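The values are calculated or read from the model by the stated rules, or taken from the named source; none is laboratory data. Just so you know, these numbers come straight off a predicted model, no measurement behind them. Here the Cβ positions follow ideal geometry from the backbone for every residue, glycine too, while neighbour counts run over all protein chains shown. Heads up: the accessible areas ignore ligands, DNA and RNA and are worked out on the full protein's heavy atoms, side chains in. Shrake-Rupley method; radii C 1.70, N 1.55, O 1.52, S 1.80 Å.
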Amino acid sequence: MESARAAADQAAGLDVDKLTYEIFSILESKFLFGYDDPKLFSPASAGASPSPGAAAAAAASSKVCILSIDGGGGGGRAADGLLAGAALVRLEASLRRRTGDDGARLADFFDVAAGSGAGGVLAAMLVARGADGRPRFSADDALAFLLRSLRRGSGGLGLGLGLRALFKSLRRPGGGAAAAFRGVFGDLTLRDTVRPVLVPCYDLGTAAPFLFSRADAVETRAYDFRLRDVCAATCAGDSVEARSCDGSTRIAAVGGGVALANPTAAAITHVLNNRRDFPLAAGVDDLLVVSIGSGEADQRGAASSASQIVRIAAEGVADTVDQAVAMAFGHNRTTNYIRIQATGTPRGASRGAAAEAEEMLAQRNVESVLFRGKVVAEQTNAEKLERLAHELVKERDRRRASASASPAAAAPALVKHHRPSAAPSYSSLVSHTLASIM
């Protein structure tokens, strides 16, 4: 009798826990992303499992695929961009292997790319349009550019100092980084991308974050910036000026790591509120998000400089965004949201960037679980990338099948280029997002 009563109490506790979980997830989704989907929760069905037919329909629905790349706390460490670059190379190689297409690019599988700092440079390179209309750069090209820039800026002093020197050169007209970005992007602008791109910086003129967005660039030339200036703005260690192509908008920019080291929430907010480009994205059920971190610095001991304090603050905000996003995804956290992050920067730069990147990919990062605190992930970063490649190929095949069955309903996540009479400015959404999660 006692055992039966205990079992009943435990079952009731689980039901309450599940109900609380769902309520919390919906409230946080509403608070963080600004949408309200009545399908997500109803008191009558809170404790009921979805029907097999509904589950099958949900599994068959297409998802908007979002790539988000952290920027770290500035340009001071070799790990900024290194983990992301290595992860992207491995992911692209897996996609090519699974599809048998040696020319496949990451932009063929993602609908939106967002990046901050060094992550913004990687994102911009992955979606820049070439003369043939295809993505101009592969993941290998992007990582190679990052490593060449590091070596060029280091002067033999090591990767970390090289990255700092590279980004600090942005303050000088014609400095090394500015010249490097010009060589990569030329006169390409935000409009010249094969997929929507989102890159943040901090605008000293308005004392607020600013989000470079292709959606805004398509709407008006006043928000169309050259990609080289976007990258300079998101990487800047000190203030640099970014001017729109028509000269009407000027941004006194400081690097995106200060404003939004982890742009994942901003990217999700953009998609869920952008009915022009993503009319069928109603909630997190309709998203497949991969967020790639920049590695975490070894913070043992007291912070001895302002740059270390800035980095700690930036990494704290990035972790807060990750936790908030994971909670907002609720039960879909393990299927619709994938976080790639190192649990500490490998020591011993003399081993080379490749060895450091491989060590970070072999790590298991720490994940947030609602009401359970932090847990170590069951899969390594490399294993997560393989799982992600599998899901991305499934999504592509699902769209192709939909296109064959009904051309009018094909590829619901693809970008539309018509211009409505009144489109929102997505730059202002970053401020709302930051206010929501802090």
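For segment 92-115, which residues satisfy the criterion of being touching a strand residue (DSSP E or B) at 6+ places or on another chain (Cβ under 8 Å) and either open to solvent by less than 10 Å² (accessible area, probe 1.4 Å) or among the aromatic types (F, W, Y) (or both)? Walk me through how you get there before you give the answer.
Narrowing segment 92-115 to residues touching a strand residue (DSSP E or B) at 6+ places or on another chain (Cβ under 8 Å): 105-115.
Scanning segment 92-115 gives L106, A107, F109, F110, D111, V112, A113, A114, G115.
When only residues in segment 217-249 that are acidic (D, E) and surrounded by fewer than 23 Cβ atoms within 10 Å (Cβ to Cβ) count, which is modelled with the lowest pLDDT?
The selected residue is D238.
Give me the helices (runs of 4 or more DSSP H) completely within segment 267-371, filtered to those with at least 1 residues that are more than 21 Å from G119 (Cα to Cα), modelled with pLDDT under 85 and not charged (D, E, K, R), ordered by residue number.
Filter on segment 267-371 gives 306-329, 333-336.
Can you name the condition, by its number, that S149 falls short on among (1) hydroxyl-bearing (S, T, Y); (2) open to solvent by less than 10 Å² (accessible area, probe 1.4 Å); (3) modelled with pLDDT of 95 or more?
Just one mismatch for S149, condition (3).
Any idea which of A118, A180 is modelled with pLDDT of 80 or more, under 26 Å from R339 (Cα atoms) and either touching a Ser or Thr at 6+ places or on another chain (Cβ under 9 Å) or surrounded by fewer than 20 Cβ atoms within 10 Å (Cβ to Cβ) (or both)?
Numbers: A180 fails: under 26 Å from R339 (Cα atoms).
After ruling out the rest, the residue left standing is A118.
Do you know which of the residues in segment 189-238 that are among the basic types (K, R) and in a helix (DSSP H, G or I) is nearest to A252 (Cα to Cα)?
R228
Within segment 158-175, does at least one residue satisfy the condition of being open to solvent by less than 40 Å² (accessible area, probe 1.4 Å), at pLDDT below 60 and of a type in the set (F, W, Y)?
Step one: of segment 158-175, the residues open to solvent by less than 40 Å² (accessible area, probe 1.4 Å) are 158-160, 162-163, 166-167, 169-170, 175.
Filter again for at pLDDT below 60, leaving 158-160, 162-163, 166-167, 169-170, 175.
Subset that is of a type in the set (F, W, Y): 167.
Taking every residue of segment 158-175 in turn, at least one turns out to be open to solvent by less than 40 Å² (accessible area, probe 1.4 Å), at pLDDT below 60 and of a type in the set (F, W, Y).
Please work out which residue is farthest from V64 (Cα to Cα), limiting yourself to segment 382-405 and to residues that are open to solvent by 60 Å² or more (accessible area, probe 1.4 Å) and among the charged types (D, E, K, R).
This residue is E383.
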